[in-house]
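Just below is one structure, and these are the notes that go with it.
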Amino acid sequence: MSEQNNSQHTPLYEKHVEADGKMVDFAGWEMPINYGSQVTEHKQVREDAGMFDVSHMVVLDFKGSDVKAFLQKLLANDVAKLKDQGKALYSGMLNHEGGVIDDLIVYYLADDFYRMVVNAATRENDLKWIHSQLQSQTEGYDLQLVERDDLAMIAVQGPNAREKVIKLLKDDDAEKVGALKPFFGIELDELFIARTGYTGEDGFEIIVPNDKAADLWDELLAEGVKPIGLGARDTLRLEAGMNLYGTDMDEGISPLAAGMGWTIAWEPTDRDFIGRKAIEKEKAEGSAMKLVGLVLEDKGVLRGHQKVITEHGEGEITSGTFSPSLGVSIALARIPSAAKDSCHVEIRSKQLKARIVRPPFVRNGKALV
Amino acid sequence: MSNENPSDLRYTETHEWLRDNGDGTYTVGITDHAQGLLGDVVYVELPELETVLNAEENCGVIESVKAASDMFSPIEGEVTEVNEELDSEPELINTAPFGEGWIFAIKPANIEDVEALMDADQYEAFYQENS
């Protein structure tokens, strides 16, 4: 096995090794791809509770009285929608051409405090972009941006996930966290717990100080929560119809061609967010391509970059995999907007038939397609 | 440290093994080392019965969650049997790579070709050097 010279370790690295994690490089971090069988881990999350080390993701705290206005310009979705404390929003961050720089979640914690979580792989790009937008503000701007590298994150997901997490909390915290509605977060003494996730199951994402992360991991293990690797994370999110930045979209792709139209807040019409003009034009003209789900009807596995052939022209698979919950292969694909019902996918010189569907493929453990 | 690769088998550089069935045919599968590299197997494309294969010829595909891996015939010969269990239980390749996860059986064109393959110790040395 080769040495990763520059790979970073999260505070949970030793825990992964202890649990027999197969470590691989992900965005410059040494992370567990599985702990034995990614199919077993996938099923564990769909049927019980599993946990992911997502400490490599980036927590950014925005503080100051000018934060709201700044985020309203920076993001395609509108933080003004967040009126209740702790409410979260999923949004794209676009460039001037309307391309997606990243997809992220932002929590409204106070009028002068918003917390944002962005992808590990896009950390440098995102920060460079955000700082350049800040620099073009006038003097006396009240906004401080803090990169919270002192924080780790564990995502606990599955039908039994919330119950197991709540068991670990003391009474008044347990009550508050138990009352959390989906897509809300709450700050406790040391932990920040949000009812969000990337698997299509219920659960929590827990932000915890670095030096407390290993203890929390052990406590969750003791409750029967199993460690889950990145391999299962990918099959779970794909079944849930969730995009992965870098494969399903990138800076050259508009949110309208990435199934993200629902994340754009067009109203109020005078909110001039970055990229608005470009995607408004595209919306008026109609996008050439759209992101859809595919279910393979023949034996085989759909994989990224395979060619998709439709009656209205060609497209491409963006993310493909074998779905452990459905027992067939599924994918997200970018195809001509007019295509519908079915198509063919070219796999090793054969043309296999696939059904065009609307994601998600699985919700709360049940097949939707 | 003992060799986990059974000593009665022969091995190829592409991680296939052969077992002498004593009746002129040899069973072929992939090694434990190979299944570990592949990850969970989800589909197997088996060679067709009675096909005549050349040595190192592509004779099937093993699809795992990670990737599609070509399978190569270890020797020249005719396919005499295929493991149809793998249609419904492809994961046998992961759980029993040297046993129930066998893939097909072949009748060699030349018995010397089998003897020219690596034994268990040579195979272990080979993949340890090359990983």
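None of the figures in this text is laboratory data; all of them are computed from the coordinates on show. Since this is a predicted model, take the numbers as computed values, not measurements. Heads up, the Cβs are rebuilt from the backbone with ideal geometry, glycines too, and the neighbour counts pull from every protein chain shown.
Some observations on this one:
- Inter-chain shielding of B:88-100 (mean C-beta neighbours from other protein chains, 10 Å cut-off): 1
- With the simple model of a label 7 Å out from the Cα in the direction of the Cβ, residue B:109 to residue A:349 spans 2.0 nm.
- Note on residue A:96 and residue A:48: the model spin-label points, each 7 Å out from Cα along the C-beta direction, lie 5.4 nm apart.
- Lys, Arg +1 and Asp, Glu -1 on Cβ, resulting dipole of region A:3-48 about Cα centre, debye, nearest 20: 160
- Short-range pairs are left out: with C-alpha atoms under 8 Å and at least six residues apart, the relative contact order of region A:257-322 is 26 percent.
- Computed over region A:288-369: relative contact order in percent, which uses C-alpha pairs under 8 Å that are six or more apart: 35
- In order through region A:334-344: 3J(HN,Hα) via Karplus (6.51 cos²θ - 1.76 cosθ + 1.60), integer Hz, x for Gly, Pro: 9, 10, x, 4, 7, 5, 7, 6, 8, 7, 10
- Karplus (6.51, -1.76, 1.60) ³J(HN,Hα), θ = phi - 60°, over region A:104-115, in Hz, Gly and Pro reported as x: 7, 10, 10, 10, 8, 9, 6, 4, 10, 8, 10, 10
- Length gained on full extension, residue B:7 to residue B:85: 25.5 nm, using 0.36 nm per residue less the C-alpha separation.
- Among B:67, B:34, B:55, residue whose mean-square fluctuation peaks in a GNM of chain B (springs only between Cα atoms under 10 Å): B:67
- With the biggest extent put first, the Cα atoms of region A:271-369 measure 47, 35, 21 Å across the principal axes.
- Cα centroid of region A:130-200 to Cα centroid of region B:1-50, whole Å: 49
- Inter-chain Cβ neighbour average for residues A:32-40, partner chain, 10 Å: 3
- Under the simplified labelling scheme, the residue A:307-residue A:142 pair shows an inter-label distance of 5.9 nm, with each label point 7 Å from Cα along Cα→Cβ.
- Relative contact order [Cα under 8 Å, 6+ residues apart], chain A, whole percent: 18
- Between residue B:64 and B:42, B:69, the built amide H atoms are under 5 Å apart, and every one of these is 5 or more places off in sequence or on another chain.
- Theoretical FRET efficiency, 1/(1+(r/R0)^6), r = Cβ-Cβ of residue B:52 and residue A:340, R0 45 Å, to 0.05: 0.50
- Close amide H pairs (under 5 Å, H built 1.01 Å from N) link residue A:151 with A:210, residues at least 5 positions away or on another chain.
- Gain in span if fully extended, residue A:171 to residue A:326, counting 0.36 nm per residue against the direct Cα distance: 51.9 nm
- Overall form of the protein assembly as shown: prolate. Here a/c, set by the Cα gyration tensor axes a ≥ b ≥ c, is 1.5 or more, and a/b is the larger of a/b and b/c.
- If only the Cβ of Lys and Arg carry +1 and only the Cβ of Asp and Glu carry -1, the dipole of region A:107-173 around its Cα centre is close to 440 debye.
- Selected from A:178, B:11, B:80, residue furthest toward positive end of dipole (the protein assembly as shown; charges at beta carbon): A:178
- Tensor-based shape of region B:82-131 (alpha-carbon gyration tensor, a/c under 1.5 rounded, otherwise prolate or oblate): oblate
- Region A:288-296 - phi-based ³J(HN,Hα) in whole Hz, Karplus 6.51/-1.76/1.60, Gly and Pro as x: 6, 10, 9, 9, 10, x, 10, 10, 6
- A compact globular protein would have a Cα radius of gyration near 2.2 N^0.38 Å; the ratio found for region A:128-198 is 1.54.
- For region A:9-115, applying the loop criterion from DSSP together with a ceiling of 11 other beta carbons within 10 Å to the trypsin sites (Lys or Arg not before Pro) yields A:83.
- The alpha carbon gyration tensor of region A:1-287 gives principal lengths a ≥ b ≥ c with a/c of 1.5 or higher and a/b greater than b/c, which makes the shape prolate.
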